[in-house]
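J.: Sharing a structure, written as structure tokens. Questions coming.
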Amino acid sequence: MALLNISGLTTVFETATGPVGAVDGASFTLEAGEVLGLVGESGSGKSVSAFSILRLINPPGKIIGGRVEFGGRDLLSLAPREMRAVRGKDISMIFQEPLSSLNPVQTIGAQVMEPLLIHTSIGKRKARDRALAMLYRVGIPDAESRFDVYPHQLSGGLRQRVMIALALVCEPKILIADEPTTALDVTIQAQILALLKDLQSELGMAILLITHDLGVIAEVADRVAVMYAGQIVESAPVQAIFDDTAHPYAAALINSIPDRTRQARRLIAVKGNIPDPRHLPPGCRFAPRCGFAQPSCVTTVQKLTAVDPTHATACMRVQAGELPRPIPTLTPELPHG
Ligand SMILES: Nc1ncnc2c1ncn2[C@@H]1O[C@H](COP(=O)(O)OP(=O)(O)OP(=O)(O)O)[C@@H](O)[C@H]1O
Ligand SMILES: [Mg+2]
């Protein structure tokens with residue numbers, strides 16, 4: 001049994017020009033203690049998926065289908081009060097921009113204490129001790145004297161460490177990290193990733209790590225789910241994504257990394273654009289950009305299907321054994337960024 005089992009998750013935004021399907025039938029699992037990388041181009045639905053799991057989608061957005069099973073319950077059918085008890089305690093989240101997610105008028109110490117005061121019955125004194133210990137643990141130097149400072153008094157890297165302390169202080173089973181290092185400079189990025197890895201092995205939580213950086217994925221993830229236009233198109237153990245690629249989109253993503261090293265991390269650039277969510281092909285959404293597409297790809301609805309016990313792809317041509325694995329890339333593209 002997976003720790004978190006997401007199936008058919010569907011979230012739309014009502015816009016002036018009609019509904020936009022941001023996440024459309026996404027299915028993936030998160031196993032206890034693993035790091036699952038969720039990767040895909042900008043606009044593919046990664047953040048909306050994360051917010052949907054925690055039911056933090058606000059109007060005009062709406063979750064219209066699917067299940068998010070956790071601990072034998074479907075989070076999508078919990079009462080708001082029950083959901084609040086899960087959020088920050090069993091499942092917590094850190095965001096790309098720590099300044100906008102920390103409260104600017106509350107001290108960092110008080111903010112890290114808050115989840116303990118909400119979700120546990122320990123008193124203020126104990127909560128302060130635990131918050132302080134957590135601030136030290138995430139690498140805030142001299143946390144004692146920084147306990148009462150405000151977020152703006154800290155550097156971006158330290159603020160992200162405070163966010164991590166806040167997310168982990170109740171020792172959740174799942175941490176959702178949405179581009180946790182994108183806003184930081186490269187040296188700090190590496191430090192924060194190393195910290196997350198350390199904390200993960202120490203506390204044993206599972207991490208859903210959202211990123212467009214396959215370099216980060218290669219370094220930190222155990223498994224990968226590749227998202228395209230609101231759907232999961234491939235999922236596999238991290239090594240298999242690189243060595244046994246089973247979806248042409250994943251192949252194009254991998255090909256767009258100039259060099260899988262830290263120094264050379266770039267934003268992903270694949271030829272063409274993700275489709276306008278209002279005008280999607282009825283079949284494979286990647287078909288218009290795919291070098292392997294046949295006319296039937298555009299019209300046939302394709303379903304994420306296991307091709308190995310641990311490897312699933314939505315490409316019907318791979319499922320039919322018509323394409324070699326790893327899938328070669330037909331048109332090498334130069335990345336920008
Ligand atoms: N509040 C909103 N109103 C309308 N559409 C939205 C809203 N939020 C997200 N969307 C749409 O949902 C789709 C998925 O967006 P999402 O933010 O999940 O992408 P992402 O994969 O996280 O991208 P990025 O890598 O840039 O963070 C996009 O088409 C986006 O325009
Ligand atoms: Mg996002």
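The values are calculated or read from the model by the stated rules, or taken from the named source; none is laboratory data. Quick caveat, the model's predicted, so the values are computed rather than measured. Cβ: placed from backbone, ideal geometry, glycine included. Neighbour counts: every protein chain shown.
J.: Before we move on, is L102 within 26 Å of I164 (Cα to Cα), away from ligand 2 (no atom under 15 Å from the Cβ), modelled with pLDDT under 95 and not hydroxyl-bearing (S, T, Y)?
T.: Criteria met by L102.
J.: Going by the structure shown, is M93 closer than 18 Å to T11 by Cβ and within 16 Å of ligand 1 (Cβ to nearest atom)?
T.: yes
J.: For segment 222-243, which positions are within 16 Å of ligand 1 (Cβ to nearest atom) and either of a type in the set (A, V, I, L, M, F, W, C) or free of Cβ contacts under 8 Å to residues at least 40 places away in the same chain (or both)?
T.: V224, A225, V226, M227, A229, I232, V233
J.: Quick one: is R81 surrounded by fewer than 18 Cβ atoms within 10 Å (Cβ to Cβ) and at pLDDT 95 or above?
T.: Yes; evaluated as a whole, the condition is true for this residue.
J.: While we're looking at this one, here's another question. Against the condition away from ligand 1 (no atom under 16 Å from the Cβ) and surrounded by fewer than 17 Cβ atoms within 10 Å (Cβ to Cβ), how does A190 come out, does it pass?
T.: yes
J.: Cβ-Cβ distance below 8 Å, separation of 6 or more or different chains: which pairs start in segment 39-58 with a residue that is closer than 24 Å to N273 by Cα and end on one that is near ligand 1 (Cβ under 6 Å from one of its atoms) and among the hydrophobic types (A, V, I, L, M, F, W, C)?
T.: From residues that are closer than 24 Å to N273 by Cα, the pairs are G45/A22; V48/A22.
J.: Would it be correct to say that V68 is more than 15 Å from ligand 1 (Cβ to nearest atom), within 30 Å of D276 (Cβ to Cβ) and surrounded by 17 or more Cβ atoms within 10 Å (Cβ to Cβ)?
T.: Answer is yes for this residue.
J.: For segment 9-38, give me each residue that is in contact (Cβ under 8 Å) with a residue 60 or more places away in the chain, more than 9 Å from ligand 1 (Cβ to nearest atom) and among the hydrophobic types (A, V, I, L, M, F, W, C).
T.: A26, F28, L30, A32, V35, L36 - these are the residues of segment 9-38 that are in contact (Cβ under 8 Å) with a residue 60 or more places away in the chain, more than 9 Å from ligand 1 (Cβ to nearest atom) and among the hydrophobic types (A, V, I, L, M, F, W, C).
J.: I'm trying to understand the selection: among the residues of segment 50-65, which are assigned to a loop (DSSP other than H, G, I, E, B), crowded, with 18+ Cβ neighbours inside 10 Å and either more than 12 Å from ligand 1 (Cβ to nearest atom) or among the hydroxyl-bearing types (S, T, Y) (or both)?
T.: L54
J.: Filter segment 138-164 down to the residues that are crowded, with 20+ Cβ neighbours inside 10 Å and farther than 17 Å from Q96 by Cβ and list them by number.
T.: V138, I140, A143, listed by residue number.
J.: Being crowded, with 24+ Cβ neighbours inside 10 Å and charged (D, E, K, R) is the filter here, so list the residues in segment 214-236 that pass it.
T.: Listed by number, the list holds a single entry, E234.
J.: Restricting to segment 8-49, and then to whatever is away from ligand 2 (no atom under 16 Å from the Cβ) and assigned to a loop (DSSP other than H, G, I, E, B), can you tell me which residue is surrounded by the most Cβ atoms within 10 Å (Cβ to Cβ)?
T.: E34
For (1) part of a helix (DSSP H, G or I); (2) at positive phi; (3) of a type in the set (A, V, I, L, M), each residue gets a yes or a no:
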site	(1), (2), (3)
K89	no, no, no
A127	yes, no, yes
A133	yes, no, yes
S145	yes, no, no
L158	yes, no, yes
P180	no, no, no
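J.: Can you tell me how many residues within segment 83-106 are hydroxyl-bearing (S, T, Y) and touching a helix residue (DSSP H, G or I) at 6+ places or on another chain (Cβ under 9 Å)?
T.: Of the residues in that region, 2 qualify.
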